[in-house]
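Novice: One structure coming up, written as structure tokens, with questions to follow.
The values are calculated or read from the model by the stated rules, or taken from the named source; none is laboratory data. For clarity, every value in this text was computed on a predicted model and none was experimentally measured. So basically every Cβ, Gly included, is an ideal-geometry build from the backbone, and we count neighbours across all protein chains shown. Just the protein is used for accessible areas: all its heavy atoms, side chains included, with ligands, DNA and RNA removed. Shrake-Rupley method; radii C 1.70, N 1.55, O 1.52, S 1.80 Å.
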Amino acid sequence: RCADGAALRWCISGTLCASFLGLGMSIAVLGPTFPTLAANVGKNVSDIYYIFVGRSLGSLGGSVLGGVLLDCMNATLLLAFSMLGTAAGLYVIPWCNQSLLLTILMSVIGGSMGILDTGGNVLALYTWGSEAGPHLQALHFSFAAGAFLAPMVAQMDLGSSKSEELAGAEKTNQSVLKSVPTASAASTTPAPNDHRSESFLWSYIFIGTYILLVSIFFFVLFSKSSSAKDKSKASAQKDRLAKYHWPLVGLLFVFFLFYVGAEVTYGSYVYTHAMVFAEMKESEAAALNSVFWGAFAMCRGAAIFGAAFLSPATMIVMSLLCSAASSIALAFFSHFRAALWVGSAVYGASMATIFPSGIAWIEQYTVVEGKTASLFVVGAALGEMCIPVAVGYLQGRYHHVPVVMYTAFVTSVVTALLFPAMYKLANWPQQRDSQEASDRETRKTLLSNSRLTEDDEEEEHVREWNDADFEVVEMNDELKNSLMDTSHRIPGDSPAVQPHLDNALGDPPVVADGFPGRQNGSIDWEKSE
């Protein structure tokens, strides 16, 4: 049974990693396919920016809804339905030709992704408990790997689309020579759009099919462990919530808001900063952006093994120190290209492990349930939405100020100040309780020692009385023998002497404790004399 339970836990962890790989691909595939989707709905790229807003709002709503549902139903079943909804949306999107319907579909997919993001972290905590650190790191590394793979899938489809367009263009040129120009143009104009839509349709279908398969695995896990969530929740309820549970959760909410906002802001604007302030070429700026995300992904992969040896608090402190050092270099020395390259790499690596380490850290001090985890995801989503928008606005107002680098510095300072406050708040009640427990133990020890001392003194007192009693008995025996000898020396039986002898040799009174010579707690010294 233990072997089956361990195998089931590893199956759950592997399925979660596969689902986060699909989550990363689903989010990242929108970028390279965005022009085609705009063409399908007959809009310019700049006119359908609201689909990103719709997906973000859907993600926020899904995170909140997932937090509520996780406390009411089985986690594996909830994730299975969320993956099924994501797959259905991905299947429908390539055929969508209305911008409103496209926005609604993006919101639905965003909601499913929010449920998966919240439920995946909670299920990992339910499954592994205090050992969840490496598995949380593996989840978020899988997300980064999926975001890395999605543009490659889209690029392959784009390449096939270009070859098909070239073939169609050659056929069109030949038909133009043999027919009327207007008629040929009218008959051949829709062809490129059809080819592009069909090409990117396969890209979405590939990712949607992958996610559908993962949802089937979740349904299988639900059939194998239908009561796993209830047992896990019951065991979690046995643990006492931290005394300052909600203040601690609120601080971590703000912590994730600044951290995720800084991560997304730097990854989104470092390309523009490199071209404007560092005067790099497009290829160099793209390489700098790749260095940031490459270091980010590599460090998340290494953190899977590092979390097995280092505590979450240690990993967070190391990340915050590296983030502070690199942000200082980027904010004040980014005009040196070497500082920009090295600072971007170190900054990306330092941002990689904070989110999963933060969830693993707070789980050591309080119970992380659905509602709690949803707040963390909502904080991260708000930071992802608000901070990049604010930076873009400020950068547009102040063209000569490197707002991106100053934002990295400010957010690093804020997170570096927030974590010690959270750590103190999490440990202060325990320190006080341990001090009180230590004081109670000390008082018990002192009382126990005093009782032992009193018992020893009483036993010693009784022992002294017993010794005195035996001495009295011995004195009476000696006196009796002495008087007997005297009486034998006196000739004849003297009646006058015999009564006095009998009185002198009279037996001492015997009390309840069986010792002679004691009466009412005192020795009959007059008779012994």
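Novice: Quick check: at a probe of 1.4 Å, how many percent of the accessible area of the range 243-432 sits on carbon and sulfur atoms?
Specialist: Numbers: 5950 of 8250 Å².
Carbon and sulfur: 72 percent of the exposed surface of the range 243-432.
Novice: Now for a different question. Between residue 333 and residue 423, what FRET efficiency follows from the Cβ-Cβ distance if R0 is 35 Å, with the result rounded to 0.05?
Specialist: Efficiency for this residue pair is about 0.70.
Novice: Whole number in Å², please: accessible area per residue of the range 243-432, 1.4 Å probe, ligands, DNA and RNA not counted. Could you put the intermediate results ahead of the total?
Specialist: On the way: 8250 Å² over 190 residues.
Here the per-residue accessible area is 43 Å².
Novice: Ok, one more. Between residue 11 and residue 223, what is 0.36 nm times their sequence separation minus the Cα-Cα distance? Round to one decimal in nm. Kindly include the intermediate steps, with their values, before the conclusion.
Specialist: Details: separation 212, 0.36 × 212 = 76.32 nm, distance 1.30 nm.
The span from residue 11 to residue 223 would gain 75.0 nm if fully extended.
Novice: Give me the net charge for the shell around residue 99: Cβ to Cβ below 12 angstrom, other residues only, Lys and Arg +1, Asp and Glu -1.
Specialist: Here the charged neighbours net out to 0.
Novice: Count charges around residue 17 for me, please; just the other residues with Cβ under 14 Å from its Cβ, Lys/Arg as +1, Asp/Glu as -1.
Specialist: Numbers: positive: 9, 300; negative: 117.
With Lys, Arg at +1 and Asp, Glu at -1, the net is +1.
Novice: Take residue 406 and residue 245, extend 7 Å from each Cα along the Cα→Cβ direction, and tell me the distance between the two endpoints in nm.
Specialist: Roughly 4.2 nm, to one decimal.
Novice: Then there's this: Based on the Cβ-Cβ distance of residue 148 and residue 213, what FRET efficiency does E = 1/(1 + (r/R0)^6) give at R0 = 25 Å, to the nearest 0.05? Each step should come with its number before you reach the end.
Specialist: Numbers: r = 20 Å, r/R0 = 0.80.
Taking R0 as 25 Å, the efficiency between residue 148 and residue 213 is 0.80.
Novice: Go through 77-88, 206-217 and give me the packing order, highest mean Cβ count within 10 Å leading. Don't skip to the answer; put the middle values down first.
Specialist: Values: 77-88: 23.3, 206-217: 19.8.
So the peptides 77-88, 206-217, ranked by packing, come out 77-88, 206-217.
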